[in-house]
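Since the structure comes first, as structure tokens, the remarks are kept for the end.
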Amino acid sequence: MPNNKPVILAPSLLSSDFGRLREELAALEHAGIEWVHWDVMDGMFVPNITLGPPIIAKLRKDSRLFFDVHLMIEAPGRYLKEFVDAGADVLCIHAEAEVHLERAVSEIARLGAKPAVALNPHTPLDHVHYLLPELYMVLIMSVNPGFGGQSFIPFCKDKICELKTMITQAGATTLIQVDGGVSPENTGELVACGADVLVSGSAFFGRPPYPERHQAFLDAAALGAKR
Ligand code: DX5
Ligand code: ZN
């Protein structure tokens, strides 16, 4: 079935110039981009460390972008308020990292942000099945989280298709986000499967100018949506 919803590109700042984050955010807005993806890593859930609430809060003041915050941290339920107060519009937590997932999801909504849950490549969709009515978005990780520039794991495409069916059957409006190894080359097939939000780090920031690169993703998505 054709996907008629406009596809959203969310560039992942992990591949941007961390020394010029303010300028990078302004350049994204200038390129007509609406979402920006923040990768928060704690060195425990994933073998890498990035940034936290103070940096997001500082940059929130000067940006109109929709802040999509992907927490790759252990027991994220401890820090939900800090990230919502910092300015997260969507707050995404990993199913593998939180024992009391439903409680954390409802807490994100109570705090005023849109709740999302991320699944590592091997994690079954069952983990989000009963939560779909509460979830603004499910993030399908298509690489093992921690680093940019990895290759898309092929079986994740089937997972996107299966999640799309699950959401439709549940009568939910949950968005499907894909993160890891996404580029204009595979965008069409991901959109055809049901992807609504595409995260791209290296394939976006590594190929400026940003307005042209944004358009390359949108063109590929439009072709996929007609399939
Ligand atoms: C990986 C992060 C991704 C990463 C994607 O752990 O969650 O958001 O930046 O990078 P690419 O698009 O280069 O695979
Ligand atoms: Zn991410």
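A short reminder: the numbers here are calculations on the coordinates, not readings from a lab. On a predicted model such as this, the values are computed, not experimentally measured, just so you know. Cβ coordinates were reconstructed from backbone atoms using ideal geometry, including for glycine residues, and neighbour counts include every protein chain displayed.
For Ala31, the test of being away from ligand 1 (no atom under 14 Å from the Cβ), buried (at least 18 other Cβ atoms within 10 Å of the Cβ) and under 26 Å from Ala203 (Cα atoms) is passed. Residues considered: Phe45, Phe67. Of these, the only one that is surrounded by 19 or more Cβ atoms within 10 Å (Cβ to Cβ) and assigned to a loop (DSSP other than H, G, I, E, B) is Phe45. The single condition among (1) outside any helix (DSSP H, G or I); (2) of a type outside the set (Val, Ile, Thr); (3) out of contact with any strand residue (DSSP E or B) (no Cβ under 8 Å at 6 or more places or on another chain); (4) touching a residue at least 60 places away in the same chain (Cβ under 8 Å) that Gly224 does not meet is (1). Look at Glu98 and say whether it is free of Cβ contacts under 8 Å to residues at least 60 places away in the same chain, more than 23 Å from His127 (Cα to Cα) and away from ligand 1 (no atom under 15 Å from the Cβ). For Glu98, the condition - free of Cβ contacts under 8 Å to residues at least 60 places away in the same chain, more than 23 Å from His127 (Cα to Cα) and away from ligand 1 (no atom under 15 Å from the Cβ) - is not met.
Check whether at least one residue in the stretch 159-167 is within 15 Å of ligand 2 (Cβ to nearest atom) and either in a helix (DSSP H, G or I) or surrounded by fewer than 21 Cβ atoms within 10 Å (Cβ to Cβ) (or both), and report yes or no. Within the stretch 159-167 (the criterion being within 15 Å of ligand 2 (Cβ to nearest atom) and either in a helix (DSSP H, G or I) or surrounded by fewer than 21 Cβ atoms within 10 Å (Cβ to Cβ) (or both)), the answer is no, since none of the residues qualifies.
Taken over the stretch 191-215, the residue count meeting the criterion of being aliphatic (A, V, I, L, M), within 12 Å of ligand 1 (Cβ to nearest atom) and part of a helix (DSSP H, G or I) is 1. Across the stretch 168-194, the number of residues qualifying as crowded, with 23+ Cβ neighbours inside 10 Å, in contact (Cβ under 8 Å) with a residue 60 or more places away in the chain and among the hydrophobic types (A, V, I, L, M, F, W, C) comes to 1.
Pairing each residue of the stretch 111-134 that is assigned to a strand (DSSP E or B) with any residue that is small (Gly, Ala, Ser), provided the two are 6+ apart or on different chains, yields C-beta distances under 6 Å for Pro115/Ala109; Val117/Ala95; Leu119/Ala95.
Annotation: of all residues in the stretch 72-86 being part of a helix (DSSP H, G or I) and of a type outside the set (A, V, I, L, M, F, W, C), the one that is farthest from Pro145 (Cα to Cα) is Asp85.
Reported count of residues in the stretch 179-227, each being touching a Phe, Trp or Tyr at 6+ places or on another chain (Cβ under 8 Å), more than 16 Å from ligand 2 (Cβ to nearest atom) and over 14 Å from Pro6 (Cα atoms), is 4.
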